[in-house]
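Taking it in order: structure first as structure tokens, then the write-up.
The values are calculated or read from the model by the stated rules, or taken from the named source; none is laboratory data. Note that this is a predicted model, so its numbers are computed, not measured. Methodologically, a virtual Cβ is constructed for each residue, glycine included, from the backbone with ideal geometry; neighbour enumeration extends over all protein chains shown.
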Amino acid sequence: MSRVFSGIQPTGEPHIGNYFGAMQNYVKLGQEYGKRSLYCVVDLHALTNPAAFDPALLAQRTLDMAVANFAVGLDPAQVIFFVQSHVPEHQELSWVFTTITPVGDLERMTQYKDKSGQLESVPAGLLMYPVLMAADILLYRADTVPVGEDQTQHIELTREIARKFNHSFGETFPEPRAVYNKQALRIPGVDGQGKMSKSKGETSTIGLFEPMDSIWAKLRVAPTDPARVRRTDPGNPDVCLIFDYHKLFSDLDTIQMVDVECRRAGIGCVDCKKAVMTGITAHLTPIQARGEELRADLDSVRDALTQGAREARAIAAPVMEEVRTKVGFLKL
Ligand code: TYM
């Protein structure tokens, strides 16, 4: 029986990269799979990022991340939505997996190399990050994992861990596959410095709950085709991040118009940015309104998380029990 799992870190306000890259697929798959789909705010993972980690803020951000997912249309009554630290089996399974995962495999992970390269002292948890991810997924025997393209390597490692465990202890876990939104594999940051990312800070992101004037302030100065110096120069939308945003936010007519007019210098960058702002406003306004409603009733959000953890544990507990038996822990 097929099952979906995905996780999202409470390291800051979710942005349109998270939304188009992953959260939209949570909603879609949630409608299809119902209670066979699990979504998790991964607060344990958030501890591994010393720059973004703030004890005073973590609980608030965890709650905010739940609000964000419900605001974009994920229905906690329809799916299983919970917080990672509320289901301790994640950590127990993760430990078992650390014992069958070569350190060399973990050191080869691109995200580990990127993140550890910026740190003077690298926490061991950062190296173990993908092992905990494998535990998240396999604890529910999930075989379908909606993520952005940046998680591909981690899902491949999860498959290897599943294979290795099955080989050593008998068939237990499926080998999960990643599911992407092909239109949003890797949404670029509004600062033009590569992928949009919470950990790069607010200059890179367009937040789902960001006020429109703040979004516009970033868009206005966002880089476009560097070869288009003057308004009269023809542009190349294929190398312009504003055009990437049009593909996400604008209707087909606008996308086609921008594609044609940019190439023949018929539209200037400022007007092109204004046009994408119209699409952004239309998309984000209802999400922001729903977020406001949810924030006015946080008790309901907390109740949904309590229920979600209960439902998740009901699936996780027997799987963990099977693992304990298979690895040979003493039963009394
Ligand atoms: P996180 O919180 O960094 O990101 C959440 C999801 O958003 C996707 N994403 C993007 N997609 C397209 N373009 C972007 N610019 C962009 N930025 C982020 C991410 O790929 C991710 O799907 N390691 C995970 C959290 C995790 C997890 C798991 C995921 C922990 N356990 C188990 C799946 C299964 C992460 O860093 O998420």
Checklist entry - Filter the range 141-174 for residues that are more than 10 Å from the ligand (Cβ to nearest atom) and among the acidic types (D, E); which is surrounded by the fewest Cβ atoms within 10 Å (Cβ to Cβ)? => result E171
Next on the checklist: Consider the range 169-192. How many of its residues are more than 20 Å from N25 (Cβ to Cβ), in contact with a helix residue (DSSP H, G or I) (Cβ under 7 Å, 6 or more places away or on another chain) and of a type outside the set (F, W, Y)?
Outcome noted: 5
Next on the checklist: Suppose the filter is within 13 Å of the ligand (Cβ to nearest atom) and either of a type in the set (G, A, S) or not in a helix (DSSP H, G or I) (or both); does F20 pass it?
Outcome noted: no
Checklist entry - Of all the helices (runs of 4 or more DSSP H) wholly in the range 24-140, which have at least 3 residues that are within 12 Å of the ligand (Cβ to nearest atom) and more than 24 Å from D150 (Cα to Cα)? => result none
Next on the checklist: Is it the case, given these coordinates, that P10 is in contact with an Asp or Glu (Cβ under 6 Å, 6 or more places away or on another chain) and within 12 Å of the ligand (Cβ to nearest atom)?
Outcome noted: yes
Checklist entry - Out of (1) of a type outside the set (A, V, I, L, M); (2) at pLDDT 95 or above; (3) buried (at least 19 other Cβ atoms within 10 Å of the Cβ), what's the single condition that is false for T110? => result (3)
Next on the checklist: Show me the helices (runs of 4 or more DSSP H) entirely contained within the range 158-265 in which 3 or more residues are under 25 Å from the mean Cα position of the chain (by Cα).
Outcome noted: 212-220, 241-249
Item to check | Yes/no for A52 being touching a helix residue (DSSP H, G or I) at 6+ places or on another chain (Cβ under 7 Å), small (G, A, S) and at pLDDT below 95 | outcome: yes
